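Trainee: Submitted below is the structure of interest, expressed as structure tokens.
Read-outs: derived from the displayed coordinates by stated rules, not from any lab. Since the model is a prediction, treat every value here as computed from it, not as a measurement. Don't worry about glycine lacking a Cβ; one is built from the backbone with ideal geometry, like all the others, and counts go over all protein chains shown.
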Amino acid sequence: MNIQVTNLIKKYQDKTVVDMNSIGFLSGNIYGVTGDNGAGKTTLLKILAGLESHDLGNIVYNDQPLGPSLMKKITYLSQTPYLMRSSVYENIIYPLKIRNVDSKIIERKAFEIMEELQVAELRDQLATQLSGGESQKVALARALVFDPEVLLLDEPTASIDPATIEIIEEAIKKRNKLQNMTIIMISHNIDQVKRMCDEIIYMKKGKRI
Amino acid sequence: MALLMEGLKEALLLLFRFDREVYGIIGLSIGLSFTSTIFSAIIGIPLGLYLGIKPFRFKKTFTRTIYTMMSLPPVVIGLLVALFLSRSGPLGSLGLIFTPTAMVIAQMILITPIILGIVYNDAKQQGPAIKQIGMTLGAGRLQTLKLLITEMRITLLIALVTGFGRATSEVGAVMIVGGNIKGHTRVMTTYIAMNSSMGNYAVAISMGIVLLLISFMVNTILYHYVTGE
Ligand SMILES: Nc1ncnc2c1ncn2[C@@H]1O[C@H](COP(=O)(O)OP(=O)(O)OP(=O)(O)O)[C@@H](O)[C@H]1O
Ligand SMILES: [Mg+2]
């Protein structure tokens, strides 16, 4: 899915948090967003995900405004993902269950993504008891399992060990290639952004610099 | 101590004599409390969820108000309800004073804020994150509501049990609006108060023990559910 943003302004009270003239995201590309704390990165992603309103400007997804059916194809992975009070497996299959996917297909897809992110052995563990890195992997599995067209990642590898970072990066790159997914990821790790992304967006005080 | 032992003995006797009056009182207590808990939950749970998640002006003031209302003095509520429902009161024509219905109304006024407050507090803290997860994973409105309820199930259960506990243990309000009429509006707490004031301590204590047992059972079930996760 292509996303085109024009003259976007978001304010909290009187403070302008996001101020973007024009920025486009193309299908099949990975974009890296980086910049100081408080630069407005998370806010920008939440607006793109339809989780936050904006004050001015226009955003179109394949030339369409955001509506309920488009929102089902976009997913946002938070800096601090919320996992449901149930098993890892139940968490991962949730997006498929609410889409009434056939139970055979649910099993297969869940199996694949759990293998890919190496969380298969956590399958029956209570998701709220996982470590930070494990939670990130499970939340990513849950976000990828339903093949979204747009994947918005908010610091997906902050405070994660190098081996796990590699697993996560591989999973992201694989899906991006195979499914032509549009991916926008926030990261403070410049090396990671350079390694992963087709285009880098530096933000400062809400603006692209 | 002797009195307590005597009470315990009486309590067992009371229960095993299968006294119609005693079982009637216990049944009415549980029935009324159950009814008011259900009605209060029907109001308090959806409202608590909604208000907890929705940002609105004066939310801080609302929070403080609801916390205050969680500890409304029962006697005052009883008095107010009685004033409204008494024959000469504005709703007197309904003929509800000294009926079980009046008792349910008084209990509802007392426990709706408790249920609402407990749900509201948790929805304020956890609700936005749960709602966000629903939206990002493609859940519709109803599916998000279902997710919210399943995620907050323990809080909802605690709210229900707390409300029920408050309703069964409350005496001031139901005494005033119900009148402790034998076979009609006499419940466990008013029975205890009456017997205690008449000097029938053993009977009072025995019913007190029954009340404690009920509360213990309800809490055991809750505890089992909460820790059985
Ligand atoms: N709900 C809110 N109400 C008021 N101000 C907010 C709100 N959310 C964010 N802000 C402010 O908006 C600015 C941008 O926040 P944002 O979370 O987008 O930054 P960020 O670039 O993601 O920072 P970080 O790298 O620390 O995650 C910050 O100054 C923040 O304080
Ligand atoms: Mg952020």
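Trainee: List the residues whose amide H sits under 5 Å from the amide H of A:M185, counting only those 5 or more places along or on another chain, with H placed 1.01 Å from N in the peptide plane.
Mentor: Here A:Y31, A:G32, A:V33, A:L153 satisfy the definition.
Trainee: Say the cut-off is 20 Å between C-alpha atoms; which of A:K174/A:K204; A:K11/A:K207; B:K54/B:K131; A:K46/A:K174 go over it? Before the final figure, lay out the partial values.
Mentor: Values: A:K174/A:K204 30 Å; A:K11/A:K207 13 Å; B:K54/B:K131 11 Å; A:K46/A:K174 24 Å.
Cα-Cα > 20 Å for A:K174/A:K204; A:K46/A:K174; rest within.
Trainee: Which angle from 0 to 90°, rounded to the nearest 10, does the C-alpha axis of helix A:162-179 make with the longest principal axis of chain A?
Mentor: For helix A:162-179, the angle is close to 80 degrees.
Trainee: Build a GNM of chain B with springs between Cα atoms under 10 Å: which of B:S29, B:S206, B:S88 gets the top mean-square fluctuation?
Mentor: Among B:S29, B:S206, B:S88, the largest mean-square fluctuation in the Gaussian network model of chain B belongs to B:S88.
Trainee: Once fully extended, how much extra length lies between B:S71 and B:Y23, figured as 0.36 nm per residue of separation less the alpha-carbon to alpha-carbon distance?
Mentor: Extending this stretch completely gives an extra 14.3 nm.
Trainee: Suppose we look only past 25 Å in the calculated P(r) of region A:55-190. What percent of the Cα-Cα pairs does that tail hold?
Mentor: Result: 25 percent of Cα pairs exceed 25 Å.
Trainee: Kyte-Doolittle mean at least 0.5 and Cα extent at least 27 Å along the axis: which DSSP H helices of chain B qualify?
Mentor: B:20-53, B:100-136, B:201-227
Trainee: Along each principal axis of its Cα atoms, how long is chain B end to end? Whole angstroms, biggest number first, please.
Mentor: If we take the Cα atoms of chain B, the spans are 63, 48, 27 Å.
Trainee: Mind telling me which of B:F18, B:F164, B:F58 comes out most flexible in a GNM of chain B, alpha-carbon contacts under 10 Å?
Mentor: Result: B:F58 has the largest fluctuation of those listed.
Trainee: Something else now. Within 10 Å of each residue's Cβ, count the other Cβ atoms and sort A:R99, A:R208 from fewest upward.
Mentor: In increasing order of surrounding Cβ atoms, one gets A:R99, A:R208.
Trainee: Next up: Compute the long axis of helix A:88-97 from its Cα atoms, compare it with the longest principal axis of the Cα atoms of chain A, and write down the angle in degrees, 0 to 90, nearest 10.
Mentor: Orientation of helix A:88-97: about 70 degrees from the principal axis.
Trainee: Same structure again: Hey, fewest Cβ within 10 Å first, where do B:F216, B:F56, A:F25, B:F62 land in order?
Mentor: B:F56, B:F216, B:F62, A:F25
Trainee: Continuing with the same structure: So for chain A: antiparallel DSSP bridges make up what percent, rounded to the nearest 5? Don't skip to the answer; put the middle values down first.
Mentor: Numbers: 18 of 36 bridges.
Taking every DSSP beta bridge within chain A, about 50 percent pair in antiparallel fashion.
Trainee: Still on this structure, I have one more. Pick from A:K97, A:K173, A:K137: which is most flexible by mean-square fluctuation in a GNM of chain A where alpha carbon atoms under 10 Å apart are linked?
Mentor: Most flexible of the set in this elastic network: A:K97.
Trainee: Would you mind checking which residues have amide H under 5 Å from A:R208's amide H? H placed 1.01 Å from N; only 5 or more apart, or other chain.
Mentor: For A:R208, whose amide H was placed from the backbone, the distant partners under 5 Å are A:N21.
Trainee: Based only on other Cβ atoms within 10 Å, what is the fewest-to-most ordering of B:Y23, B:Y191?
Mentor: Least crowded to most crowded, the residues run B:Y23, B:Y191.
Trainee: With the cut-off at 27 Å, report for the protein assembly as shown the share of all Cα pairs above it, as a whole percent. Display every interim value, and only then the final one.
Mentor: On the way: 60487 of 95703 pairs.
Counting every Cα pair in the protein assembly as shown, those more than 27 Å apart make up 63 percent.
Trainee: Angle between the Cα long axis of helix A:132-144 and the longest principal axis of chain A, 0 to 90 degrees, nearest 10?
Mentor: The helix A:132-144 is inclined about 80 degrees to chain A.
Trainee: Scan around A:S86 for amide H atoms under 5 Å from its own, H built in the peptide plane at 1.01 Å from N, and keep only partners 5 or more places away or cross-chain.
Mentor: For A:S86, the qualifying residues are A:A127, A:T128.
Trainee: Please find the FRET efficiency linking A:D124 to B:S93, where r is the Cβ-Cβ separation and R0 is fixed at 56 Å, and quote it to the nearest 0.05.
Mentor: Once the sixth-power term is evaluated, E becomes 0.35.
Trainee: Another question, if that's okay. Compute the distance in nm between two label points, each set 7 Å from the Cα along the Cα-to-Cβ direction, one at B:L3 and one at A:R195.
Mentor: Roughly 7.6 nm, to one decimal.
Trainee: Calculate I(q)/I(0) for region B:65-193 by the Debye formula, one identical point scatterer on each C-alpha and no solvent, and give its log10 at q = 0.19 Å⁻¹ to two decimals.
Mentor: -0.96
Trainee: For A:N37 and A:E170 in the same chain, what is the full-extension length gain: residue separation times 0.36 nm, less their Cα-Cα distance, in nm?
Mentor: Value of the extension gain: 45.2 nm.
Trainee: Moving to a separate point now. Identify the trypsin sites (Lys or Arg not before Pro) of region B:87-133 meeting these criteria: DSSP loop state and at most 13 other C-beta atoms within 10 Å of the C-beta.
Mentor: B:R87
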